[in-house]
1. To the nearest 500 deg cm²/dmol, what mean residue ellipticity at 222 nm is calculated for the chain from DSSP H runs of n ≥ 4 alone, each contributing -39,500 (n - 2.57), summed and divided by the residues?
2. To the nearest 10 degrees, how steep is helix 51-64 against the longest Cα principal axis of the chain, on a 0 to 90 scale?
3. Using Cα atoms only, what is the angle between the long axis of helix 19-28 and the major principal axis of the chain, expressed in degrees (0 to 90) to the nearest 10?
4. Counting Lys +1, Arg +1, Asp -1, Glu -1, what net charge surrounds Pro114 among other residues with beta carbon under 14 Å of its beta carbon?
5. Which ³J(HN,Hα) values, rounded to whole Hz and listed in residue order, are derived for region 160-174 from phi using the Karplus coefficients 6.51, -1.76 and 1.60 in 6.51 cos²θ - 1.76 cosθ + 1.60 with θ = phi - 60°, glycine and proline given as x?
6. Between Pro90, Pro170, Pro73, where does the largest GNM mean-square fluctuation fall for the chain, given springs only between Cα atoms within less than 10 Å?
7. Can you give the direction-averaged projected area of the convex hull of the alpha-carbon atoms in region 136-221, in nm²?
8. How large are Rg and Dmax for region 117-184 when only the alpha carbon atoms are used, in Å?
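The numbers here are math on the coordinates, done by the rules we state, and not lab data. Being a predicted model, the structure only gives us computed values, none of them experimental. Here the Cβ positions follow ideal geometry from the backbone for every residue, glycine too, while neighbour counts run over all protein chains shown.
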Amino acid sequence: MRADARVPLTPRAPEGLSRRARYFVEAHGLRVPRRDIRRHRDVWLKHGIPAAEIDRAVAFQQIWGGIALPPAPAYEGGPRVLEADVPEGPAADGWRFPAGDCRVSMAHGFMIGPGGEFGIDADHWTPLHASTEGWVEALALAHHAGYWAKTVTKIKGDAVEQMDLDGFEPVPEVQGLTDTWWRGKDSLIAIYRGEAVGFAAPHCLEAHIYGGLDGWGLGGH
């Protein structure tokens with residue numbers, strides 16, 4: 001496929017992100033050439049892919065395509081580069097299209113759902129965040145919290161379900177669906193449920209607890 005002939009190495013953060021996430025994208029991300037998927041429109045239409053679904057993939061590509069971000073703390077690091085591809089469907093829960101190739105060989109792929117959700121396609125479709133912005137906000141918050149925390153504790157399986165979240169509030173900007181973030185008086189908790197839900201494997205449930213945070217480390221906007 002043809003790619004952008006010249007692109008700046010530093011990506012410009014898309015609209016709608018928090019100041020923290022904008023800094024994360026622009027300071028730690030890279031922009032690589034993105035494919036022009038509009039060239040495949042006629043072929044995709046002939047294969048029965050609805051025009052509206054092609055338009056969704058094209059819109060994603062124009063905003064996010066070609067942005068490479070640091071690895072996520074879960075899901076084997078997440079996508080290498082955000083990159084749309086041919087929409088897949090139909091299915092009972094709607095059309096989806098790829099969000100970018102995995103960093104390593106995995107039993108699931110990263111997808112954008114019918115309502116713009118960012119998620120994984122494992123044994124079944126599992127949305128993680130309500131939007132790609134939510135996924136990026138979660139990456140940025142993990143990077144921020146990991147830098148400022150005095151302690152980082154990781155727990156798995158049943159111990160996650162037994163966590164006491166009394167006194168914690170959800171972090172709204174990550175737009176958590178299956179994955180959620182929680183903010184307490186001096187700590188942040190990230191709960192990664194995607195693989196546990198997607199594979200019906202409770203032992204895959206994982207949480208990261210970032211402790212000893214001051215007001216700055218707690219990661220407000």
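1. Numbers: 6 runs with 56 residues, N = 221.
Calculated at 222 nm, the ellipticity per residue is -7500 deg cm²/dmol.
2. 60 degrees
3. Rounded to the nearest ten degrees, it is 70.
4. On the way: positive: Arg56, Arg96; negative: Glu53, Asp55, Glu88, Asp93, Glu117, Asp121.
Summing Lys and Arg as +1 and Asp and Glu as -1 gives -4.
5. Values per residue, Gly and Pro as x: 5, 5, 8, 5, 9, 9, 4, x, 9, 10, x, 8, x, 5, 7 Hz.
6. Pro90
7. Details: hull surface 21.0 nm².
So the mean shadow area of the Cα hull is 5.2 nm².
8. 13.1, 37
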